[in-house]
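All remarks here apply to the structure that follows.
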Amino acid sequence: MKKIVILYPIRHNDYGFYSDLIHKENVKLVSLKRNPYSFLLKNLKLGKGIKALVLYLLRIVKYLLDKIIIDLGNIDFYSLPYKTKNVKVILVMDFALNAMDNFNVLNKCKKNKDIKICLYLINQIGFGDAENREDVQKLLQKMNSFKWDSIFSFDKHDCEKFGFQYMGFNYYSMRNLKSVSNPSKDLFLAVCYSKSREKIICDVYSYLAKAGVKCDIHVKLWNEGYENMIDGIHYITKGFAMMTYEECLKKALDSNCLLEIIRPGQEGPTLRYMEAVCYNKKLLTNNSQITEYPFYNPQYMKIFDKVEDIDIEWLTDKSPVEYYYKGDFSPVHLVDELLCN
């Protein structure tokens, strides 16, 4: 049986992408952990000669540990080159690429000509001024430092701009959870702060709160010194994760409508769109491209350009919503396509 190995960063092990794949026999999920050897050397204050000796000794230890790992039949990222039997595709998620110190492991795997090593971008990188952001520049630099067999993206704009291969919306695993029959909130949003989205989030909240709409809005701040906080919005300043995805999803299921705010120039959807479809929620969005997406239904999805466009009565109405979703976004389809081609 041909298999696919998917590399993901360990901090994203609760992300919605993976759960459909956990019990698939032809899929191996490998978390990308920090290389303890490079981390140790980076923090050792030693001369070059001593560092070279330490590195040599660590390589011996690593070799012995890898042999033990192999004998036990376990796979981790650093022993991956020795465990490529029956592997057809190694798929690297974009967050995993950010976590890589170098491409030594993938270069070793690439010696096996039967294996395709591909990159999958589930974040848009070509919108607005995104290319000028430091994190995007680092990602692009790493992308260009390795010879990929294919680079996939969910976003048509990025595919046209950078020559990526379009793979559609197949990176979300629906959880076995049901919406609350009588949700306590009218609107839910969880988002990381960005300057380009600050004003519209504040405007939407202020407008809806004055109208008596029950909003549950969570904003992750990267800097604790942020001053423009509005009472009623939940700001999170400590730790990397805003909340676990399970916590986020439970809050979404306890709301009548999900709010999606994209950055200027962004064309791809966020998780809020997929959650709305999977869990039968209304969606309020500033993404005009949504009319081209699968499952678009003007009865359940509304687009706004300014806050005055928002229909309060529609937002708070709790009539049943039904998209008739049948697992269309599941990464199982992605795996099947990659292994068949």
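The values are calculated or read from the model by the stated rules, or taken from the named source; none is laboratory data. Every value quoted in this text rests on a predicted model; they were computed, and no experiment measured them. Quick reminder, even Gly has a Cβ in these numbers, built from the backbone with ideal geometry, and neighbours come from all protein chains shown. Side chains are part of the model used for accessible areas, which takes the heavy atoms of the whole protein and leaves out ligands, DNA and RNA. Shrake-Rupley method; radii C 1.70, N 1.55, O 1.52, S 1.80 Å.
In this structure, the pairs whose alpha-carbon distance is over 19 Å, taken from K156/K250; K2/K85; K185/K251, are K156/K250.
What length, rounded to one decimal in nm, is gained on full extension from K2 through to K210, with 0.36 nm per residue of separation minus their alpha-carbon distance?
The span from K2 to K210 would gain 69.1 nm if fully extended.
The reciprocal of the average 1/r between distinct C-alpha atoms defines the Kirkwood hydrodynamic radius, which for segment 246-323 equals 12.8 Å. Each listed q (0.22, 0.23, 0.24 Å⁻¹) maps to a log10 I(q)/I(0) for segment 96-188 from the Debye sum over equal C-alpha point scatterers, namely -1.17, -1.23, -1.29.
Each of D311 and S196 was given a label point 7 Å from its Cα along the Cα-to-Cβ line. The distance between the two points is 2.9 nm. Taking packing as the residue-averaged number of other Cβ atoms within 10 angstrom, the listed peptides 200-212, 273-285 run from highest to lowest as 273-285, 200-212. In this structure M243 has an accessible area near 40 Å², from a 1.4 Å probe over the protein heavy atoms.
If the segment from S181 to K326 were pulled out straight at 0.36 nm per residue, it would be longer than the present Cα-Cα gap by 50.1 nm.
Which order do peptides 307-320, 90-103, 158-171 fall in by mean Cβ count within 10 Å, highest first?
Peptide ranking by packing, descending: 90-103, 158-171, 307-320.
Working from label points 7 Å from Cα in the Cα-to-Cβ sense, the E134 to N112 distance is 3.8 nm.
Taking each residue as 0.36 nm, the span from E247 to Y166 lengthens on full extension beyond its C-alpha to C-alpha distance by 26.1 nm.
With a Förster radius of 56 Å applied to the beta-carbon distance between D254 and L57, the computed FRET efficiency rounds to 0.55. Just tell me which aspartates and glutamates come within less than 19 Å, Cα to Cα, of K3; anything on the same chain fewer than 8 places away is out. Correct list for K3: D20, E25, D76, D114, D149, D336, E337.
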